[in-house]
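Structure, as structure tokens:
The values are calculated or read from the model by the stated rules, or taken from the named source; none is laboratory data. Computed from a prediction, not measured in an experiment: that's the story for all the values here. All Cβ positions, glycine included, derive from the backbone under ideal geometry; neighbour counts span all protein chains shown. SASA here: full protein model, heavy atoms, side chains in, ligands and nucleic acids out. Shrake-Rupley method; radii C 1.70, N 1.55, O 1.52, S 1.80 Å.
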Amino acid sequence: LGISVRFERENLDSLSPDGELMLSILASYAQEESLSISENVKWGIRKRFEQGEFQAYNIYGYRWTGDRFEIIDEEAETVRFMFRSFANGMTLTEISEELARRGILNRKGKTFVKSSIQRILDQEKYRGFSILQRTYVESHITHQKKMNHGRLPRFVVEGTHPRIISDALHEKVEAERKRRRKAGAVRWRTASCFTGKLI
């Protein structure tokens with residue numbers, strides 16, 4: 001047996017044939033309305049991206065002042081330490097352990113884990129520019145974000161904020177990544193001096 005739901009304003013009974021039909025129509029209308037709103041919002045965001053505008057984001061090393069980003073010196077030095085350490089051969093685990101030993105925590109008061117250090121090393125914003133539309137929402141129903149691997153255009157906007165990492169340091173990190181891959185690391189982020197030496 002089903003449970004009857006009565007809508008007083010619409011004068012509908014969910015178990016009556018007319019009520020069931022009308023509820024199906026209203027649900028379809030609401031879904032189409034949601035899709036229309038979602039597409040309009042996406043269109044507006046893409047137009048702002050095309051014009052070089054971007055939304056404020058929360059990123060370690062910076063604070064948003066309302067109209068621009070400012071560097072937080074203490075956090076910026078931690079970011080530079082991560083880049084320098086990786087470029088000098090330390091693994092993500094070693095960097096994490098060294099930060100914990102120094103008592104340096106993230107904004108949530110927790111230790112930096114390998115995945116968070118990985119994201120920082122991959123973040124282009126520390127070089128003073130932004131890649132817009134790196135992710136997108138595939139469905140207006142699930143609202144799940146997906147990485148944009150060419151499905152939608154991406155926009156590179158230079159000079160959106162002050163840089164923390166120099167191009168030279170970034171190039172050293174990229175060279176170290178290549179060295180670790182060449183050394184036989186299955187995944188460079190877990191490479192060590194012994195990786196690839198044993199068969």
Check your understanding: So which of 107, 80, 102, 68 is in contact with a His (Cβ under 9 Å, 6 or more places away or on another chain) and either open to solvent by 40 Å² or more (accessible area, probe 1.4 Å) or under 18 Å from residue 127 (Cβ atoms) (or both)?
Key -> 68
Check your understanding: Which one of these does residue 56 not meet: (1) modelled with pLDDT under 65; (2) part of a helix (DSSP H, G or I)?
Key -> (2)
Review point. Do we find that residue 137 is at pLDDT below 95, within 26 Å of residue 65 (Cα to Cα) and either β-branched (Val, Ile, Thr) or in contact with a Pro (Cβ under 7 Å, 6 or more places away or on another chain) (or both) in this structure?
Key: no
